[in-house]
Structure formats: C-alpha cells, structure tokens
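Working notes, beginning with the structure itself.
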Amino acid sequence: MPIKNRAAMFLLAFFILAAAAPQAKPGGPAADPSAPAWPMLKHYDQAHIAQIALPLGGIGTGTISLGGRGDLRDWEIMNRPAKGFAPGAPFFAVWVKPAAGPVKIRALQGPVELYQYEGASGVNKANNPNLPAFREASFDASYPFGIVNLSDPDLPIKVRIKGWNPLIPTDAERSGIPIAVLTYEIINTTDQELTVSVCGTIQNFIGRDGVKVVPSKNRNVFRKGQAVQGLFMKSETAPSDAETWGTMALTVPLSEDATCRTSWLEAGWGTSLLDFWDDFRDDGRLSEREAKGDEPRASLAVQARVPAHGVRSFPFYITWSFPNRTAWASKPLRNYYTLAYPQAWDAADKTVPRLPELEADTAAFVRAFLESDLPATVKEAALFNLSTLRTQTCFRTEDGKFYAWEGCNDKDGCCWGSCTHVWNYEQSTAFLFGDLSRSMRTVEFGSQTEADGLMSFRVKLPLTEPHWGKAAADGQMGCIMKMYRDWQLSGDTAFLRSLWPKVRKALEFCWIPGGWDADRDGVMEGCQHNTMDVEYYGPNPQMGLWYLGALRGGEEMAKGVGDAAFAKTCRTLFDKGSRWVDANLFNGRYYIHKVMPPKSKEDIAPPLLVGMGAADVSHPDYQLANGCLVDQLVGQFMAHVCGLGYLIKPENARTTLSSVVRYNRRDSMQDHFNCMRTFALGDEAALLMASYPDGRPANPFPYFTEVMTGFEYAAAIGMLYEGLTAEGLRSIADIRARYDGLKRSPYDEAECGHHYGRAMIAWGAALALTGFHYSGVTQTLEFAPLNGRFFWSNGQAYGTAELKKTGARLTVKISALKGELAFKIFTAGGFAARTFPRAQVVKPGTEAAFELTAGK
C-alpha cells in the first residue's frame, strides 16, 4: 500500500495507542496562578530525578547541567567533556526572613539520593551534602526548558528553579550563545511579607577542566556593565593558547540590590565555608574578603521583598568564553562562538537585554512542537535528543563549519572526525539548522573527497591536514543521500552545482577495481567497512540499500544539473540492483547477508580495508551472515525521509520490519546473554542489534548482542513509515522508558559515549507520522491527509500546519513562525494535488489557507 494512502491508518493507530498509554504529567503546579508559561512536556517525581542533567549552553559552546535536584553539575565549558566535574562545589542558597520569626537558610537543591550516602570519608558522590537542603524536589521537563520544584514543610516558601538557553531553529547564531540562564522563583506561601536573598557561589577554576591542570593565578572582580552587574573571572597567568584559558562571569540585572564577595576567606578545615555561612546568615548580604589563593571562590547575592502569597523572580546568568579547542586537531582551533563573545562579560552584557525576545522565540518553537497532535513519547524522543547539539559532542570552528565527535566519554571526546557512518542517521540538524547541515556536506564533498571519489569517513583537522584516506561504504552512500536531502530542503541548486563533480565522483568510486561494486551490477559485493566497525564481504541489506538510495539520489541530482547520461546510468544500476536484492537477499521474512570473501587482501582496493574486522579476509569472521539486523532497512528509511520512494518491494519492507519485531524485540533483558557493552538490562524492553532465528555463525559482527537507541529508532521509524504504527511507537516508548530520570538522564542517550549523535534520528518519527516532505527545488509541500495540528520545519523555516478532513474535502492552513516557505504544489495522499498559479509564500504573520478535494 503506498505511503500516502496509509496516512489515515497511521493516525488512527497512534491515537488508539496514545489513548491507552499513561500520559505525561504537565509541568508546574496547575493550581498556582503564577505557574510558568513555559511549554512543558513531562513531570518527573522525586523518585525519578537522580540522573537528570539538563545541558544548558549554546550550539558549540559547551554546557553546564542543571541537575534534577537543583544542583549544577558537569561543568563542561572548557572544550572537553567533564562528567561529574563540579569544581569548588558550586551552589545557590536562599535566605528567608519573615517580619516576625527566625531566619531560614537552605541550599537551593533537593535531598541527596540514598544511594549516595556511603563514602570513605562520608558522602562524597553528591554536591554539597553538608548544606541543609529542601526536603522535596521534582522536575518538569521539555527542552531547552527545565524546572526544578523545591518545597519543604519547615519553610515559608516554595521555589522553582527555571533553567534554559536560547534554542531557535534556523538561527544557529542565536542558538549558539554561551549562557546558562537560571531564574529562582520564590513563592511566598504565607500571609506576611518576607525578605529574601538568593546567593550563587562558584569557583574561578580557569586552567582546570576536569582532566588537565594548567597552573593559573586567577582573580575575580566586581563589575557593572550596560545591562548586568556581577563577578567577572579571569586568569592573570594562564597561557593564552591553552584550551583552559578564557573567562567566566556570574551576573544579575543592573536593577537588582546585589552584594558580593570576590573571594572567600582563605583558611583551613571548614573555616572558609563557616565564614561564608555566618556572613550570609547575618543579614542576607555579603561582605568582602581579602583576595588570596589561585582559584578563589566568589559569591553574588540579591535581596528583595516578596509580598504575602506573592512570587518574586531572582535571575542569574552564568556565561563563559574559552576560545581554544584542540578536539582531534593537530593544532588548536578557535571556537566560532568566541568571535561574537570574546569575553564572558560580552556574552552577559550583550545577551541579557535580548533575553525576553530570545525566550519568546524559544518558547514559540517548543510550544508549536509540543502542541502537535503526536504521541508524547515521539515528541519527547525528538525534542530531548536535540540537547546533543549543545554538548561537547558538537562544535563549530572559526569559519562557522560544524563538526562533531560520535559522542563523549566522561572526560574526552569519543570517536573523532564527524564520522559519516554515524552522522548518516541523525535528522535533527538538517530539518532545524539547514546551514549547519550544508556545512557538513561542504566538508564531506568539498574537502574530504579525492579526485577519484574516495571520501574519508573521518575528517582530520584542520582541513589542511592530509586526508585520512579510508572509505566507509554506508558513510559515503549516506552522504550522497544527505546531499540530495539538503538540496531538496533548501532548493539551492547553486549549492548542488558547486559540489556536484565530487558527488558524482563519490558514486563512481563504487565502481573502481576491487571496489564495492566493481562489476557495476547495482549490488555491493566488495569489502564494505561500515558502522559496525568491521568490514562485511558480500551483498547485504544494510550497505545494499544505502547504495540503492545513493543511486536514486544520484539520478535525481544528475537531472537537476543537466547530466542526463549519468542520471540514466544511475537508474539502470538502481533497477538492476533493486531486483537482485529482492530476488537474492530476501528470505521470505527478512533480508540476509550473503558472505562472499575475496581470495586475498590483494583483491581489495586499499582504501576500503580499514582493518578493524577479520584478520583472515578469505575466511572472515565478524559478519552479519543470516542474521536479522535491526536496522537492515536504514537505507529505505532514509529514502522515505528524502522522498525517493521505495528501493525494494514495499511488501518485503513491511514483512522485514515485522520480523525485526518478532525476532529482535525483548520484553525483558533478564535472560539475555550479551558479550559486549550493556545499554539495556534487567526488565527493560528493547530491540536487539541482531537475532539469528536460523542459527548464528560462530563469531558474528561485534555488536550483535547489544542494544543501541539510534539503531532502534531506525527500525521503529521504519515501522511508522510502513504502517506498523503500534509496533513503532512501542519501540520508541521502550527507549524512552529506559531514560526515565532514575536510571539514566532523559537528556543523554548513550552509544559509544554520552550524547551520541546517532540518536538524533529520533526527529524522523515526526516526519514519518506527519508525512512531511518539502522540495524547495519544485516548490512542493506534502503532508499525510491527517486531522490535527502539526509542526513542520525544513531547516530554513518552521511553522505549523492545520489539517481537517470533512468528507471528501481537506481544509489546510499553513503558517510560519520563522523564515519563509514558498510552495506552488500541495499534496496529501488520497486528495487531488493543489497547484497554484503562483507560489504561496508563508512567513510570520501570514498563512496560506485552501482546500483539497478527493481524487487524483
């Protein structure tokens, strides 16, 4: 059944499932008239906040994480991951004085988790366990917004800690600001006025990033700027080319009644903390201390009156600027964000006046997405995984280009080089930040593709370095498909033309002697290094469908630049390959790998053999063979995203994904043996990387017993595209149930490292369920014929679509929240396409409203 004609079935199935499933609780106390206006998706109670760490920071800037209990953890602002790094035990505290009654002081965080109580010298696994804290805590979540709710029956206040950073699709500049905005909302629960002070304390740890220590004599000064006042932190001695050299700031608005100490008392034992606590307890204000020590702590306090049953906000801003990044480069690079914000003070003083506009635009995006008529787990998976763009997984260099690790280890990046076979999967960047996505294509084809078409699947930096010179079959074919996708979404044919010679060469590279398809029959038989980190030998569905998708994309791009002969070549090979794959790899249930080893290494083109797989290529182990691979149809998934149609028989695609559910899904991992890394265990449900219902080889590919979310999403979203909606949504729900705040952070889906890039494929679920496609080339907009309100984005603009079916008519309203979208043709399956005499252009403040009638 064609995709367009299944739209109604999609909608019915997922609404039935959604109605039967428990719904996420709304954020914030509903009965409170001052409840936050932020759009929130999910509520985590006190039993499910231990692992929550919301990364606050911009694209390419690094982050500080707001913990589920209100603590600030993982200070990852100095160009490397730093899990668990909280230098100087930073904290915020509140001082409360009623008109009559004793002063109360609390650290602005919830209770320490019970499992953290044990330690060789007392509690040492939690931040500031020695400070009195609130008894009760919960967390309301969306992204990039997070709210910690604190309360205590012994206190006359409740507190909401609201953390965020601007995130505005299509605007990487305003989404790339090095700031963590923390607003402490104090809610007076009594009948009398309260005097309240909120105080933040952080250490000037410049020169120390959680791993490296560059001896540095640091100093803090109090400043007043155009918009803010507060603490500016610098180093007097750190080398200016060190990754840990830079500045930090803790500020508040100029209008606030602020006091500070730029240094704490330098003393032994617990005297420094005691001196601070006594000073703050005295009147809620701070007194200066003599500057001593090389890494001085500093504190900034704001005092105000809070009326009876009133609410008062205390905003604080943490900003930073650390320009030098090494990553995997042979020499230091400069961070793009530091061009606009060379000092941390610049980030605060320039940004704070714009915060109302930035917050409104961020909330408008999140609200539009969360109000889409999609299942909550789909919205959660898509939205929460966007946090990866802001972590140390990703960065931008001085020229604005976007690069990424695969993920992050605790203290360093994991797997270098914007690895093509990993970043093939993710869809968030292209559909939300098209310019960043196209910068990756510029690097892949414009820089890393040789004259013969070899594309290095890992990028050395700086780009002047000699290329790595190794090719990945899935990585290279996926980049060709992404080039087609980005061309279609942008409509920028000049961009395509500029890279087309290398795109064509990258496809022709398949046909070199000893290559992937040396006999040019549309089937990959050669040595295929791939995302399983080994080489496969012989035709298989994973690489085979990436290749078929690249041939289809190549055909369409060739037509777009007037290369008719090459378009015909691609089509001929696609037709032959598609028929062969269906006839020879489909076993009636799923597609298998026919292992066809070469006689020797001499039969393999040297760039194809990376050397991470079989030692004896004539008798290779680490093969998929007859296994049922979880993401064997990832190429078909990508073809659906791109609007390239079916690469194989539709009925085989549906049967295959049904088999993945049948053979790979586990309701519980309790009885599952795993010989590698553990990403799911106990009673958690998951899709295994592979199963072997007909018996397995002695030593299959390395990861076959594992579970990894990016691959699970590839299968689940494929199910959505093929009409297996309940099965696909269940698999997505299984993933998100594992990231429940208690066991794992909902903002950190791991694979080979934290914040793994592949997991951002989750955005594709929204594409599958809405049927959204856009071609800027033909100016065609497409949705499935649904009822409801849905978010759309193409990387250059975003907005909403309202669709209503009434009998044989479909009423459509398209509006834009940011950017412009032009279309001449609108299609929805089962309805006659609407062609307009001139392009409909929607931009903020306008909408296009029209009707379609049933028919073809």
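The values are calculated or read from the model by the stated rules, or taken from the named source; none is laboratory data. Keep in mind the model is a prediction, meaning the values are calculated, not measured. Positions of Cβ are generated from backbone atoms using ideal geometry, with glycine treated the same way; all protein chains shown enter the neighbour counts. These area figures cover heavy atoms from the full protein model, side chains too; ligands, DNA and RNA do not enter into them. Shrake-Rupley method; radii C 1.70, N 1.55, O 1.52, S 1.80 Å.
A few notes on this one:
For every residue, the table says whether it meets (1) free of Cβ contacts under 8 Å to residues at least 24 places away in the same chain; (2) surrounded by 19 or more Cβ atoms within 10 Å (Cβ to Cβ); (3) part of a loop (DSSP other than H, G, I, E, B); (4) acidic (D, E).
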{"position": "G799", "(1), (2), (3), (4)": "no, yes, no, no"}
{"position": "E802", "(1), (2), (3), (4)": "yes, no, no, yes"}
{"position": "K813", "(1), (2), (3), (4)": "no, no, no, no"}
{"position": "T835", "(1), (2), (3), (4)": "yes, no, no, no"}
{"position": "V841", "(1), (2), (3), (4)": "yes, no, no, no"}
{"position": "A849", "(1), (2), (3), (4)": "no, no, no, no"}
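- Test: residue in the stretch 490-508 that is open to solvent by 30 Å² or more (accessible area, probe 1.4 Å), closer than 30 Å to Q623 by Cβ and more than 29 Å from the chain's Cα centre (by Cα): yes
- Screening G200 on (1) open to solvent by 10 Å² or more (accessible area, probe 1.4 Å); (2) under 25 Å from M78 (Cβ atoms); (3) touching a residue at least 60 places away in the same chain (Cβ under 8 Å) shows it passes everything except condition (1).
Yes/no per residue for (1) basic (K, R); (2) under 23 Å from A348 (Cα atoms); (3) more than 34 Å from the chain's Cα centre (by Cα):
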| position | (1), (2), (3) |
| --- | --- |
| L194 | no, no, yes |
| C199 | no, yes, no |
| F205 | no, yes, no |
| V214 | no, no, no |
| F222 | no, yes, yes |
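- Restricting attention to the stretch 163-195 and to residues that are among the polar types (S, T, N, Q) and open to solvent by 10 Å² or more (accessible area, probe 1.4 Å), the residue that is nearest to R305 (Cα to Cα) turns out to be T195.
- Those residues of the stretch 304-342 which are open to solvent by 30 Å² or more (accessible area, probe 1.4 Å) and either part of a strand (DSSP E or B) or in contact with a helix residue (DSSP H, G or I) (Cβ under 9 Å, 6 or more places away or on another chain) (or both), in sequence order: R305, V311, R312, S313, R334, A340
- When the test is whether a residue is surrounded by 18 or more Cβ atoms within 10 Å (Cβ to Cβ), under 28 Å from D533 (Cβ atoms) and at pLDDT below 95, G613 passes it.
- Cβ-Cβ distances below 7 Å connect the following pairs, each with a first residue in the stretch 659-670 that is under 14 Å from L629 (Cα atoms), a second residue that is assigned to a loop (DSSP other than H, G, I, E, B) and among the β-branched types (V, I, T), and a separation of six or more residues or different chains: V660/V630; N664/V630.
- Residue count, the stretch 726-742 (criterion: of a type in the set (D, E, K, R), assigned to a helix (DSSP H, G or I) and closer than 24 Å to A47 by Cα): 4
- Consider the stretch 509-533 and keep the residues that are within 29 Å of the chain's Cα centre (by Cα) and not β-branched (V, I, T). The one that is surrounded by the fewest Cβ atoms within 10 Å (Cβ to Cβ) is D533.
- The stretch 364-377 - residue that is open to solvent by 10 Å² or more (accessible area, probe 1.4 Å) and in a helix (DSSP H, G or I) and, of those, nearest to A759 (Cα to Cα): T377
- Scanning the stretch 727-740 for residues that are touching a strand residue (DSSP E or B) at 6+ places or on another chain (Cβ under 7 Å) and either surrounded by fewer than 24 Cβ atoms within 10 Å (Cβ to Cβ) or charged (D, E, K, R) (or both) returns a single hit, D734.
- Test: R281 is among the basic types (K, R), more than 34 Å from the chain's Cα centre (by Cα) and either farther than 20 Å from M233 by Cβ or buried (at least 23 other Cβ atoms within 10 Å of the Cβ) (or both): yes
- Any hit, the stretch 626-641, residues being open to solvent by 10 Å² or more (accessible area, probe 1.4 Å), of a type in the set (G, A, S), part of a loop (DSSP other than H, G, I, E, B) and modelled with pLDDT of 95 or more: no
- Scanning the stretch 642-681 for residues that are open to solvent by 30 Å² or more (accessible area, probe 1.4 Å) and of a type in the set (S, T, Y) yields Y646, T655, S658, Y663, S668, T678.
- Apart from one condition, F790 fits all of (1) out of contact with any Phe, Trp or Tyr (no Cβ under 6 Å at 6 or more places or on another chain); (2) without any contact (Cβ under 8 Å) to a residue 40 or more places away in the chain; the exception is (2).
- The set of residues in the stretch 75-118 that are surrounded by 19 or more Cβ atoms within 10 Å (Cβ to Cβ) and part of a helix (DSSP H, G or I) is empty.
- Residue check for D275: without any contact (Cβ under 8 Å) to a residue 60 or more places away in the chain and acidic (D, E): yes
- Flag if V123 is in contact with a Phe, Trp or Tyr (Cβ under 9 Å, 6 or more places away or on another chain), over 20 Å from F205 (Cβ atoms), of a type outside the set (K, R) and without any contact (Cβ under 8 Å) to a residue 24 or more places away in the chain: yes
- Residues of the stretch 127-151 satisfying the condition of being open to solvent by less than 10 Å² (accessible area, probe 1.4 Å) and either in a loop (DSSP other than H, G, I, E, B) or over 25 Å from A99 (Cα atoms) (or both): F134, A137, F139, D140, A141, S142, Y143, P144, F145, G146, I147, V148
- Residue match in the stretch 711-726 (condition: under 30 Å from H619 (Cβ atoms) and surrounded by 24 or more Cβ atoms within 10 Å (Cβ to Cβ)): yes
- Condition met for R571 (charged (D, E, K, R), part of a loop (DSSP other than H, G, I, E, B), at pLDDT 95 or above and surrounded by fewer than 23 Cβ atoms within 10 Å (Cβ to Cβ)): no
- E525 acidic (D, E) and not in a helix (DSSP H, G or I): yes
- Verdict on R160 being of a type in the set (D, E, K, R), surrounded by 23 or more Cβ atoms within 10 Å (Cβ to Cβ) and at pLDDT 95 or above: yes
- Scanning the stretch 534-543 turns up no residue that is of a type in the set (S, T, Y), touching a residue at least 12 places away in the same chain (Cβ under 8 Å), in a helix (DSSP H, G or I) and crowded, with 24+ Cβ neighbours inside 10 Å.
- Residue in the stretch 285-294 that is farther than 15 Å from Q343 by Cα and part of a helix (DSSP H, G or I) present: no
- Condition met for R223 (open to solvent by 30 Å² or more (accessible area, probe 1.4 Å), out of contact with any His (no Cβ under 6 Å at 6 or more places or on another chain), touching a residue at least 24 places away in the same chain (Cβ under 8 Å) and among the basic types (K, R)): yes
- Taking the listed residues E684, E749, the one that is surrounded by fewer than 24 Cβ atoms within 10 Å (Cβ to Cβ) and assigned to a loop (DSSP other than H, G, I, E, B) is E684, with no other qualifying.
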